[in-house]
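S.K.: Below is a structure I'd like to ask you about.
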Amino acid sequence: MNYTLIIQPIIKQHLIGTPLEGYERSFIQAGLDTDVDPLLAIAIGKAESQLGNSYNKSFNDKYHNYAGMSSGGKLIVYPDWDTAITKHFQLLKKLLAHKPENLDMLGAVYAEDPLWPAKVARFYNELWTEAINNGVDN
């Protein structure tokens, strides 16, 4: 079965009740455009902000930043969620081009929190378990 067909309902389910609800197609398209696994982006968003739920509505309305992306120590402001999703996938593509062998290596360039890789791995593994249970081959 097609990977995107399997993961789209998983992504949709995890976005319910978040500011990103309804944006599952944006995650899928950004993944196709960048060759970055959308489940990784969702896992990072969960680790960074519970997909925007750890921020208040006024913050989300201003920043549209679910993945903790910053520049010069300041959170980046995006005009909308589609732009934030696209920019996050582009950043991941750039970071993954350096061929990190695991999340520890990605975490070293993505986040200051030494526990970040373990948090992302936990969420990613949960998402992958759902994908496997829905028909993705290992």
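S.K.: Give a residue-ordered list of calculated ³J(HN,Hα) values for segment 24-39 (Karplus: 6.51 cos²θ - 1.76 cosθ + 1.60, θ = phi - 60°; whole Hz; x for Gly, Pro).
M.R.: After applying 6.51 cos²θ - 1.76 cosθ + 1.60, I find 4, 5, 5, 5, 4, 5, 4, x, 5, 5, 10, 6, 10, 5, x, 5 Hz.
S.K.: In whole Hz, what ³J(HN,Hα) sequence does segment 46-60 give by Karplus (6.51, -1.76, 1.60; θ = phi - 60°), x for Gly and Pro?
M.R.: Karplus-based 3J(HN,Hα) across segment 46-60 equals 5, 5, 6, 8, 6, 6, x, 6, 7, 9, 7, 4, 5, 4, 4 Hz.
S.K.: Run the simple label-point estimate for GLN8 and ASN53 please: 7 Å along Cα→C-beta, distance reported in nm.
M.R.: The two pseudo-label positions are separated by 2.4 nm.
S.K.: Among LYS62/LYS87; LYS62/LYS94; LYS46/LYS87; LYS57/LYS119, which pairs are too far apart, with a Cα-Cα distance over 20 Å?
M.R.: Correct reply: LYS62/LYS94; LYS57/LYS119.
S.K.: Between THR83 and ASP61, how many nm apart are label points set 7 Å from Cα along the C-beta direction?
M.R.: That separation, rounded to one decimal, is 1.7 nm.
S.K.: Which value at 222 nm does the chain reach when only helices count, each DSSP H run of 4 or more adding -39,500 (n - 2.57), with the total divided by all residues and rounded to the nearest 500 deg cm²/dmol?
M.R.: -19000 deg cm²/dmol
S.K.: What is the extension gain from GLN90 to GLU21, computed as 0.36 nm multiplied by their sequence separation minus the C-alpha to C-alpha distance, in nm to one decimal?
M.R.: Once the chain is fully extended between GLN90 and GLU21, it gains 22.8 nm.
S.K.: If you don't mind, there's one more thing I want to ask. Rounded, prolate or oblate for segment 3-130? Axes are the square roots of the Cα gyration tensor eigenvalues, ordered a ≥ b ≥ c, and the cut-off for rounded is a/c under 1.5.
M.R.: rounded
S.K.: A follow-up question, please. With a point put 7 Å past each Cα toward its Cβ, work out how far ASN125 is from ASN102 in nm, to one decimal.
M.R.: Computed distance between label sites ASN125 and ASN102 equals 1.1 nm.
Readers should treat all values here as calculations from the given coordinates under stated rules, not as data from a laboratory. This structure is a prediction, so every number in the text was calculated from the model and none was measured. Because the Cβ atoms are built from the backbone with ideal geometry, glycine has one as well, and the counts that use them run over all protein chains shown.
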